[in-house]
1. Pick from 97, 68: which is in the same structural domain as residue 37 (by TED's automatic domain parsing), within 16 Å of residue 139 (Cα to Cα) and in contact with a strand residue (DSSP E or B) (Cβ under 7 Å, 6 or more places away or on another chain)?
2. Counting only residues that are touching a helix residue (DSSP H, G or I) at 6+ places or on another chain (Cβ under 9 Å) and farther than 15 Å from residue 150 by Cβ, which one in the range 198-212 is surrounded by the most Cβ atoms within 10 Å (Cβ to Cβ)?
3. Can residue 214 be described as in the same structural domain as residue 243 (by TED's automatic domain parsing), more than 14 Å from the chain's Cα centre (by Cα) and more than 16 Å from the ligand (Cβ to nearest atom)?
4. Would you mind finding the one in 32, 55 that is surrounded by 14 or more Cβ atoms within 10 Å (Cβ to Cβ), assigned by TED's automatic domain parsing to the domain that holds residue 108 and part of a strand (DSSP E or B)?
5. Filter the range 150-204 down to the residues that are part of a loop (DSSP other than H, G, I, E, B) and touching a residue at least 60 places away in the same chain (Cβ under 8 Å), then identify the one that is farthest from the chain's Cα centre (by Cα).
6. Out of (1) touching a helix residue (DSSP H, G or I) at 6+ places or on another chain (Cβ under 8 Å); (2) crowded, with 16+ Cβ neighbours inside 10 Å; (3) touching a residue at least 24 places away in the same chain (Cβ under 8 Å), the odd one out for residue 81 is which?
7. Note down all Cβ pairs under 8 Å where the first residue falls in the range 257-268 and is on the phi < 0 side of the Ramachandran plot, the second is surrounded by fewer than 11 Cβ atoms within 10 Å (Cβ to Cβ), and they're at least six residues apart or on different chains.
8. Go through the residues of the range 272-282 one by one and say whether even a single one is over 30 Å from residue 98 (Cβ atoms), within 14 Å of the ligand (Cβ to nearest atom) and assigned to a loop (DSSP other than H, G, I, E, B).
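The values are calculated or read from the model by the stated rules, or taken from the named source; none is laboratory data. Keep in mind that this is a model prediction, so the values were computed, not measured. Note that each Cβ is placed from the backbone with ideal geometry, even for glycine, and that neighbours are counted across all protein chains shown.
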Ligand SMILES: O=c1[nH]c(=O)c2[nH]c(=O)[nH]c2[nH]1
């Protein structure tokens, strides 16, 4: 019996990088938050303080910035694959890497009806995300989005649930349905047009949210994941996390007004949290680690 070192990884978290492409006067920008984690033969570092395999996190950060200069960043999946393969291919004792990237969106500021060449506005909190895992010569990509806020002002019901002595919720066949979508989808391979796939999956899930007459957010979740996967054979599964952003009807009877589903109080907490995986039944489960979930 003894005490040993268990699984571990280390890296630089949240390297904020803004890159400006100045090839023409009409600039483009990429605004990223990049985290790297390396794994491998790191027992020495933990057991005896032998740092011979510890590529410093400071070097990992510098590599992110240098790679952005050496070649165009491109799609976040390409950038993450490039970084991960570099660390595993060049750092002694490093056999695995996980690169997480969030991309912030900027839009051109309209001036006289057209987008300005070099002035931008952050129009939404929504982020595009990727989590790339390099394991030896294997690469796994899980991409997604977070904080995409959506609302339906009708076409949502919730009834037929069990009632007990603690139940106060009234059944409804017309309510507001609102959520902030976090979605992660796992690709079956890396031969993908990342930008096109992202745009299409996002649009397809939005369309499913809009057109599903929802009997619960759970049903909307399944329909959103299913629609994306039906269109995208390159995707093995879609994981969704959907906070139910409750809108409560305000009681206006006290002042003699009938509230016909028009005036709501938007609560920020607590919120229902509806989560699930929509998957192909013939594809094997992937390790949790690929989804950039906490592991320790
Ligand atoms: O769509 C919903 N799903 C639930 O599980 C739930 N629970 C609840 O109180 N309201 C709702 N709405």
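1. On the way: 68 fails: within 16 Å of residue 139 (Cα to Cα).
One residue alone meets the criteria, 97.
2. At the first step, the residues of the range 198-212 found to be touching a helix residue (DSSP H, G or I) at 6+ places or on another chain (Cβ under 9 Å) are 198, 200-202, 204-209, 211-212.
The next check asks that each one be farther than 15 Å from residue 150 by Cβ; those that pass are 198, 200.
On the way: 198: 22, 200: 14.
For the range 198-212, the residue satisfying everything is 198.
3. Details: in the same structural domain as residue 243 (by TED's automatic domain parsing): yes; more than 14 Å from the chain's Cα centre (by Cα): yes; more than 16 Å from the ligand (Cβ to nearest atom): no.
Criteria not met by residue 214.
4. Values: 55 fails: part of a strand (DSSP E or B).
Exactly one of 32, 55 is surrounded by 14 or more Cβ atoms within 10 Å (Cβ to Cβ), assigned by TED's automatic domain parsing to the domain that holds residue 108 and part of a strand (DSSP E or B), namely 32.
5. Start the filter on the range 150-204 by keeping residues that are part of a loop (DSSP other than H, G, I, E, B), which leaves 153-155, 157, 159-171, 173-176, 188-193.
Next, from what is left, pick out any that are touching a residue at least 60 places away in the same chain (Cβ under 8 Å): 154, 174-176, 188, 190, 192.
Working: 154: 27, 174: 30, 175: 27, 176: 24, 188: 17, 190: 18, 192: 18 Å.
So, considering only residues that are part of a loop (DSSP other than H, G, I, E, B) and touching a residue at least 60 places away in the same chain (Cβ under 8 Å), the one farthest from the chain's Cα centre (by Cα) is 174.
6. (1)
7. 259/253
8. Of the residues in the range 272-282, the ones over 30 Å from residue 98 (Cβ atoms) are 272.
If we keep only those that are within 14 Å of the ligand (Cβ to nearest atom) as well, we get 272.
Next, from what is left, pick out any that are assigned to a loop (DSSP other than H, G, I, E, B): none.
Scanning the range 272-282 turns up no residue that is over 30 Å from residue 98 (Cβ atoms), within 14 Å of the ligand (Cβ to nearest atom) and assigned to a loop (DSSP other than H, G, I, E, B).
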